């Protein structure tokens, strides 16, 4: 018996279950439990009376800036404002779904392609957003490359108010309903990348963008 099997056998013995591998009955019970998708206890604020206000509050707590526009047509002007305010270049790489917006009219050079290490700003959408934590959920696909959210120093993310949910449990339920089997990469973005691994000192942009700006389409 190898080390792995020895450890598993000891765990099962302590639980009063014989052998190393689970029985078919045990596997069936696990599959049944997973299929139920039971939701555990949630804090009172998980279902805020004003979902959008809760999302904005959490964005601010995380260091994510945000703005709201009435329709897709207002996205380029808002992004131009944000770039100018931060002294950033009016150029970005973005997802194909936004290529048809009037970027020329806003004075922005829009590159319809995945971001590279040379790009300073990336524009993405998201599958949905979570009000409880100020989080956006992105799914990787050829038309929605994750590099555009992870490589540039600035991540611009379009959030549609109709896709704003209360909790992470709601997000997973929506994923199961609309997508079924998740793609290879499912990732959550909660503010700029940060770490405190070294001497408990917060470092921004350690593993991803320094800045995250959310544009909410009401």
Worksheet item: Relative to the first principal axis of the alpha-carbon coordinates of the chain, what is the inclination of helix 51-62, with its axis defined by its Cα atoms, in degrees from 0 to 90 and to the nearest 10?
Response: 90
Worksheet item: How do 140, 193 line up, fewest other C-beta atoms within 10 Å first?
Response: 140, 193
Fill in: Span from the the range 125-155 Cα centroid across to the the range 18-67 one, whole angstrom
19
Discussion item. Classify the range 1-158 from the C-alpha gyration tensor, please: rounded if a/c falls under 1.5, else prolate or oblate depending on whether a/b exceeds b/c.
Written reply: prolate
Worksheet item: Mind checking the angle between helix 3-14 and the chain's longest principal axis? C-alpha axes, 0 to 90 degrees, to the nearest 10.
Response: 70
Response to the item:
DSSP beta bridges in the chain: the antiparallel percent, rounded to 5, is 30
Discussion item. From the Cα trace of the range 84-171, what convex hull volume per residue do you get, rounded to a whole Å³?
Written reply: 110
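Please state the shape class of the range 106-218: rounded when a/c is under 1.5, otherwise prolate if a/b exceeds b/c and oblate if not, all from the C-alpha gyration tensor.
Verdict is oblate for the range 106-218.
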Worksheet item: Against the longest alpha carbon principal axis of the chain, how many degrees, from 0 to 90 and to the nearest 10, is the axis of helix 75-85 turned?
Response: 80
Worksheet item: With springs only between Cα atoms under 10 Å, which of 176, 12, 91 fluctuates most in a Gaussian network model of the chain?
Response: 12
Worksheet item: Which one of 15, 54, 118 has the biggest mean-square fluctuation once the chain is modelled by GNM with Cα springs under 10 Å?
Response: 15
Practice prompt. Using a/c under 1.5 as the rounded threshold, could you call the range 25-113 rounded, prolate or oblate? The axes a ≥ b ≥ c are square roots of the C-alpha gyration tensor eigenvalues, and prolate needs a/b larger than b/c, oblate otherwise.
Written response: prolate
Fill in: the range 120-177: antiparallel DSSP beta bridges as a percent of all, rounded to 5
40
Worksheet entry | Residues 38, 169 arranged by fewest to most Cβ contacts within 10 Å | 38, 169
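Values quoted throughout were computed directly from the atomic coordinates according to the rules given, and no laboratory measurement underlies them. Please read these numbers as outputs of a predicted model, since none were measured by experiment. Cβ: placed from backbone, ideal geometry, glycine included. Neighbour counts: every protein chain shown.
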